[in-house]
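Here, each number is a calculation from the coordinates, and none is a lab measurement. Since the model is a prediction, treat every value here as computed from it, not as a measurement. Cβ: placed from backbone, ideal geometry, glycine included. Neighbour counts: every protein chain shown.
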Ligand code: SF4
Ligand code: SF4
């Protein structure tokens, strides 16, 4: 007999659309992953340890430019600190590589387990677990090798690293670093994951110190009679916590997954979610028609000042990188012999010339001696050519006739003219002449 079903009563309930912070976060994660790949592979950022260079957004910095390297790194840290002050744990949940890969590993493992359970439903639970673990760890091993490869590309040229990898080089420092990074990555994303955030990473504690009453966080509205205690928010949380116990739990990265969960379940009952993004513990909810200042988090003067400082810092860094001298030159006196006198009666003082071309174009350097009568530079080419990235160190002499200069210490300047771009570098030096100007000094 055909089953007769009673017609469903038309419900007056309006289902509210749920929030979708999960989707937004996954899009940001994808963009971050692309940036993570592109930065070292495109030379935009790398500490090239074998070649002792720091690639930083188009500039190639040398160890001799340590101050710029140092301030570039401090700038990146400052940017993260400013972000913590304005947007709380947004860095953790949206941008941090540890979080991105931990979530991806957890999601992938759940998906593999579900598929294996479905496909091999006739097998015992132990056998299914074995198959899903084998599949998960095989893929994770390949992913770990790839991630370790990209990570080490932040310190070694990709082609060099690829060559070492293909020749199974695990004897040298690079090989050992590659093997240990792969192992570390595998263990991290298989077993540690978000435990790293609470057990090791200091950022959560730092954020606690930087946050104030206007910092963005995720807040639960304590209206117990409205909460249906479904615990969906707790189950959705990657960090395994219950947001209803407070917004300032150290584990909470303010990712918004619990907001999605609550808005989905309560939305079906036609109710607003009980969990929101909020500017501080008592601030307005982010969805309450905010002004542009509120939307961007610039809610008071302190935030404008901090952001202004960040912009000034970025400009100063840009100027110092763009206007640094591409060719670094040094001239120092070599006092192995104070002076020598050659057969033609000329006094010689020896100097050491050092130059490095840190720019992207070739350079031509010419040395001359000024401010001392009859002084000449000898023993070095008229034009010293330096290709990009090349360094040189050479000895040269300054000569002067005995007649016409003061006995003892004389002063002059060595001028290095750099073509095509840099102009002139000047080095004040001393020139030692014999006190006895009869010329019976250290004859060559
Ligand atoms: S409590 Fe909510 S916002 Fe905090 S980590 Fe868990 S899901 Fe994310
Ligand atoms: S998802 Fe919302 S309704 Fe369910 S327990 Fe969490 S706060 Fe309460």
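When each of the peptides 70-80, 213-223 is scored by how many other beta carbons lie within 10 Å of its residues on average, the order from highest to lowest is 213-223, 70-80.
Could you list 26, 119 in order of exposure, starting from the residue whose Cβ has the fewest other Cβ atoms within 10 Å? Show your work: numbers first, answer last.
Values: 26 15, 119 12.
Fewest-to-most ranking of 26, 119: 119, 26.
Beyond 25 Å, the tail of the calculated P(r) for segment 134-292 holds 52 percent of the Cα pairs. As a proxy for reagent exposure, ranking 62, 279 by other Cβ atoms within 10 Å from fewest up yields 62, 279. Given q = 0.09, 0.14 Å⁻¹, what are the Debye log10 I(q)/I(0) values for the chain, with equal point scatterers placed on the Cα positions and solvent ignored? The calculated log intensity ratios at q = 0.09, 0.14 Å⁻¹ are -0.82, -1.31.
What is the diffusion coefficient of segment 209-292 in µm²/s, taking the Kirkwood radius over Cα pairs and the Stokes-Einstein relation at 4 °C with a viscosity of 1.567 mPa s?
Using the Kirkwood radius from Cα pairs, D works out to 98 µm²/s.
Pair-distance distribution P(r) for segment 21-208, from all Cα-Cα distances in 5 Å bins starting at 0: 1, 7, 12, 14, 17, 17, 14, 8, 5, 2, 1, 1, 0, 0 percent.
Taken as Cα centroids, segment 312-387 and segment 131-154 sit 51 Å apart, rounded to the nearest whole angstrom. Mean residue ellipticity, 222 nm, helices only, the chain: the sum of -39500 (n - 2.57) across DSSP H runs of n ≥ 4, divided by residue count and rounded to 500, is -12500 deg cm²/dmol. Restricting the calculation to alpha carbons of segment 327-433 gives Rg and Dmax of 14.3, 45 angstrom. Summary value for segment 245-339: 12 percent relative contact order, contacts being C-alpha pairs under 8 angstrom separated by 6+ residues. Shown for 233, 262, 153: other C-beta atoms within 10 Å of each C-beta, ranked fewest to most, produce the order 153, 233, 262.
What does the C-alpha gyration tensor say about the overall shape of segment 187-247? Classify as rounded when a/c is under 1.5, otherwise prolate if a/b is larger than b/c, or oblate.
Here segment 187-247 falls in the oblate category.
Across the chain, C-alpha contacts under 8 Å between residues 6 or more apart give a mean separation that, scaled by the residue count, equals a relative contact order of 14 percent. Largest mean-square fluctuation among 130, 141, 44, in a Gaussian network model of the chain whose springs join Cα atoms under 10 Å apart, belongs to 130.
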